[in-house]
Each structure stands twice: as C-alpha cells, then as structure tokens.
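Down below is the structure, laid out as structure tokens.
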Amino acid sequence: MAKKSTSVLGAAALASMLALTACGGGNSAGNDAGGEAANAGAGSGSAEKITLKMMHLWPAGSSKQQNMIVNDIISQYQSDNPNVTIKQEILENEQYKNKLKVLSASNDLPDVGMTWAAGFLTPYVKGDLFAPLDDVLGGGLKDSFVSGTTEAYAVDGKTYALPLELNITPVYYNKAIFSKYGLEVPQTYADFQKAVDTLQQNGVAPIALGNKDRWTGSLWYMYLADRLGGPETLKKAIDRSGSFEDPSLVQAADEVRKLVDGNAFNKGFNGLSNDEGKAEFLSGKAAMYLMGTWELPNFTTNESIPQEFRDQVGFFKFPTIEGGKGGIDSWVGGPGVGLFVSENSKVKEEAKKFVKFFVEKWGEQSVTKAGVIPATKVDTSKVDLPQMYIDILNELGKASNITLFADVQMSPAVAQVHLNMIQALFGKEVAPEAFAKQHEEALKQDAG
C-alpha cells in the first residue's frame, strides 16, 4: 500500500473540466435482492415503522466492494434509526435502466435510486419524478463535493441527484502479456495499432469488449473522435453548435471499422455483455480493456480476483493520433451515478435523510474499502491507497478535459439511435458516412 500526501482533486482545477460532465454507466452482472415494501410513517424520529425501497446497480458478484459498502451504510443507518428498514433491489446496468423506465411509467419509482446526469436525468425531472435535493445540499454538504459534480445533476438551477463517483476511462492492460510479446505502452495510435497487430498475429485477443451493451463500444468511438477532432467536436455535434457529419467524426467511425477488420476485439464481441467481455480480460485471454475507473476495485482491492492477476494490471491513456487535434490528457468520463429521491415517495423526508447519510458515508468508505474515486473531496494524506489508485488520481489532476459519455449527453431518443448505430458500426452493418448521417438526422429531429 502507498500513501499520497496531497488533497485529491482541487475544486478549482476541475471546475472548468467538468463543465460538461456526468457519467454513463458501467457496472455489471445482476441479481435481485429485496421486494415490495409497505411505506408508512413520518421521519426517523418517529416511533412509526418506515420502510424505504432502494434500487441500485452494484451486484455482489461483479461489484463486490461497492455492494459491501452499500450494505454497511444501510446497516449503520438502520442501527441509528431502528424504526427504519431499507429494502434493496439490485440489478445489472442495462436491466436497471429498463426497470427504471418501467417504474417511471407507472409512477412507482423506488424511494431512493440511482440515475445518470444530463440527458438521462432530464426526462425524469420534466416528468416530476425526481425530487429537488437542494435542501439536502445545505449545511455545508455542497462544499464537500468536487466542483462541477453536483452541477451535472442540475436542471433549471435545481439539483435532482447527488453524485457518488467521479470517473475517467483508461485502457487497462495485462503487463505479463505485453512483456511476453515485447510490447511497450503505446504513446501514439500508430504504436497502439502495431501492438494490436502483434497480439493478433500471436493468437491473443488484443482487446476485451462486450458490445451487446453498446455504450462499451461508444467509449472507443468517443476517444477516436476526441483524438481526431479535439474535445469540442463531438460536444458541438450533440449540442447543435456543430454537425455530426464533421469529417473527424466520420473518420472516427472509419477507424472503428478498421479495428474490427483487423480483429482487434475478442471473438463474438458484439453479442457479449460487458461482463462477458470483461471476463476475457480477467481470465488473461485478452490483453487490453477500455473501461471506467469504477473497475479499479477489481484490479486493486477485490480479493475474489487473484492477487497474481491484480499485480499484472496496468493502465495507459488513450494514445494521440498523428495530425489529430486531441491531447493525451483529454479523457472520457465524468461524475458517476447519483442518488435520487422519488418525488412521489410517501416517505420523502426520510429518503432525503438517508441520501444525505449515504453520500457522507460513501465518501468516507469508498476510498479505503473499494478503491473507488468518490465525487466528494478526499484528503488522501489520511488513507493508504494502492499505487494504481494514486496514479489514476494524479492523472485526473492533470486532465485537460473530461468529456461526458455520449449517450448521457444526448436525450433518451437520440441516445438510442447512437447506441444502435454503435452496435451496427462495430457489426459492419453501417458505413461510417451513414453512421454520421443517421446521428445528424436524429439530432436535428430532436432539436425540433
């Protein structure tokens, strides 16, 4: 274990980077825990029995450390508030999104749940489904967050969720595989392409990918778009101050096609879930895996993954492309999932108290118990951290830009077009020009 003596992420340094932030999801395999709850009562000071329903996306199987912390926090809250029972329902990422849609249609959201920011959050707010949480941010709680993170969950000046994580997306790699084939960490995209060719020629899957979930492939597209066109090009295409038919965005799609043609990804990737794709990396069958820093626990603190494997995982920044406008310190990422309170909850005030408690405890425990970067500020001089965690924090502190996950920037309707087009692009079912054109048409239609 190693120690870093500086405070994590100065608020001023990140304020400008996070002007466009939030987080797309990235957690894995699911199960159900919890059930129907009869909600009644007022607050935790009351003798009345209260049941809160919480829905989240951190299953014990694939998000062991996060799941453990959730259970610990719930146990603490129930101990402090004996009249309150908190029942959980736990779903894998895509199942969670689908369940949220179903429940919102019948105004039956859980009392407390998880949401992403920006475009994902807005329809729920417009539908009066999420409660404003600005009152919860009072008493100094807002100052405990890294600058820019809570703003990502604001609509028309009101805050509708409190973020738990702050993520960037590195390329994780297997040091043992790289060493075996004499590969160095690629500094340029040309170096990266040579590494892919070497691995592929030696029968090793260069990149682990499960693109059935589609947002996983979007990460690759976003980085190529950034490195070719710079960080503003994709953002402007989405906010309509630019076009998705910008040559660099078309070229990024073409680069994806070239990776597919070069067998850069594991076999059957377009039909595999993110969990199944990740398993290719965890089993040592694939050499690289592009994913958010919510995966850090699996490479640092998760004891269910062999220490021998964890010791051989490193990371690198997505390489720069010769002639491209994007810099090496520009990242895809942003604040992670946030906690919302249902506007229609029968125990809304108790739910708000629990969310405040959860956020405070999460910030304290997520660093040491899970190796997760929280959205709240952390003084790492007081905690021991794995070296990879420290290295990631150092990179985050140097970031020149953090670009929000594309599907989260977009409205739900456009996001579906984007995700479908991503799968079609990786499946060689759409040409780069048509890929860009369909995005442009969807964005125009959405803008009215």
Does the stretch 367-378 contain any residue that is hydroxyl-bearing (Ser, Thr, Tyr), surrounded by fewer than 21 Cβ atoms within 10 Å (Cβ to Cβ), more than 27 Å from Gln409 (Cβ to Cβ) and free of Cβ contacts under 8 Å to residues at least 24 places away in the same chain? yes
Any residue that is aromatic (Phe, Trp, Tyr), in a helix (DSSP H, G or I) and under 29 Å from Leu296 (Cα atoms) - is there at least one of those in the stretch 372-393? yes
Those residues of the stretch 329-359 which are polar (S, T, N, Q) and either assigned to a loop (DSSP other than H, G, I, E, B) or over 30 Å from Leu290 (Cβ atoms) (or both) amount to Ser342, Asn344, Ser345
Per the filter on the stretch 159-182, residues farther than 30 Å from Trp362 by Cβ and open to solvent by less than 30 Å² (accessible area, probe 1.4 Å) are Asn174, Ile177, Phe178
Would you call Gly326 surrounded by 21 or more Cβ atoms within 10 Å (Cβ to Cβ) and closer than 26 Å to Met55 by Cβ? no
Can you tell me which condition Asn107 does not meet? The list is (1) at pLDDT below 95; (2) open to solvent by less than 20 Å² (accessible area, probe 1.4 Å); (3) part of a loop (DSSP other than H, G, I, E, B), and all the others hold. (2)
I need the full set of residues from the stretch 70-95 which are at pLDDT below 95 and part of a helix (DSSP H, G or I), in order please. Asn93, Glu94, Gln95
Name the pairs: first residue in the stretch 77-96 and free of Cβ contacts under 8 Å to residues at least 12 places away in the same chain, second residue crowded, with 16+ Cβ neighbours inside 10 Å and not polar (S, T, N, Q), Cβ to Cβ under 7 Å, at least 6 apart or on different chains? Gln78/Val84; Gln78/Ile86
Please work out which residue is farthest from Val417 (Cα to Cα), limiting yourself to the stretch 201-225 and to residues that are open to solvent by 10 Å² or more (accessible area, probe 1.4 Å) and in contact with a strand residue (DSSP E or B) (Cβ under 8 Å, 6 or more places away or on another chain). Val204
Can you tell me which residues in the stretch 150-204 are under 24 Å from the mean Cα position of the chain (by Cα) and among the polar types (S, T, N, Q)? Thr150, Thr159, Asn167, Thr169, Asn174
So for the stretch 133-145 (the condition being under 27 Å from Leu219 (Cβ atoms) and of a type in the set (Val, Ile, Thr)), does at least one residue qualify? no
Taking the stretch 279-296 and keeping residues in a helix (DSSP H, G or I), over 22 Å from Leu404 (Cα atoms) and of a type outside the set (A, V, I, L, M, F, W, C) leaves Glu280
Which of the residues spanning the stretch 265-298 are out of contact with any strand residue (DSSP E or B) (no Cβ under 8 Å at 6 or more places or on another chain) and among the polar types (S, T, N, Q)? Asn270, Ser273, Asn274, Ser283, Asn298
Ile402 passes all but one of the listed conditions (1) part of a helix (DSSP H, G or I); (2) buried (at least 18 other Cβ atoms within 10 Å of the Cβ); (3) of a type outside the set (S, T, N, Q); the exception is number (1)
Log entry, pairs with first residue in the stretch 304-315 being among the β-branched types (Val, Ile, Thr), second being open to solvent by 40 Å² or more (accessible area, probe 1.4 Å), beta carbons closer than 8 Å, six or more apart or on different chains, reads Ile305/Leu282; Val313/Lys175
Suppose we keep only residues that are over 16 Å from Asp239 (Cα atoms) and of a type in the set (D, E, K, R) within the stretch 405-434. Which one would you say is most open to solvent (accessible area, probe 1.4 Å)? Glu429
Tally the residues that are acidic (Asp, Glu) and over 22 Å from Pro110 (Cβ atoms), restricting the search to the stretch 146-170. 2
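The values are calculated or read from the model by the stated rules, or taken from the named source; none is laboratory data. What you see is a predicted model; the values in this text were computed from it and never measured. Cβ atoms come from the backbone with ideal geometry, glycine included; neighbour counts cover every protein chain shown. Calculation scope for accessible area: heavy atoms of the full protein, side chains included, ligands and nucleic acids excluded. Shrake-Rupley method; radii C 1.70, N 1.55, O 1.52, S 1.80 Å.
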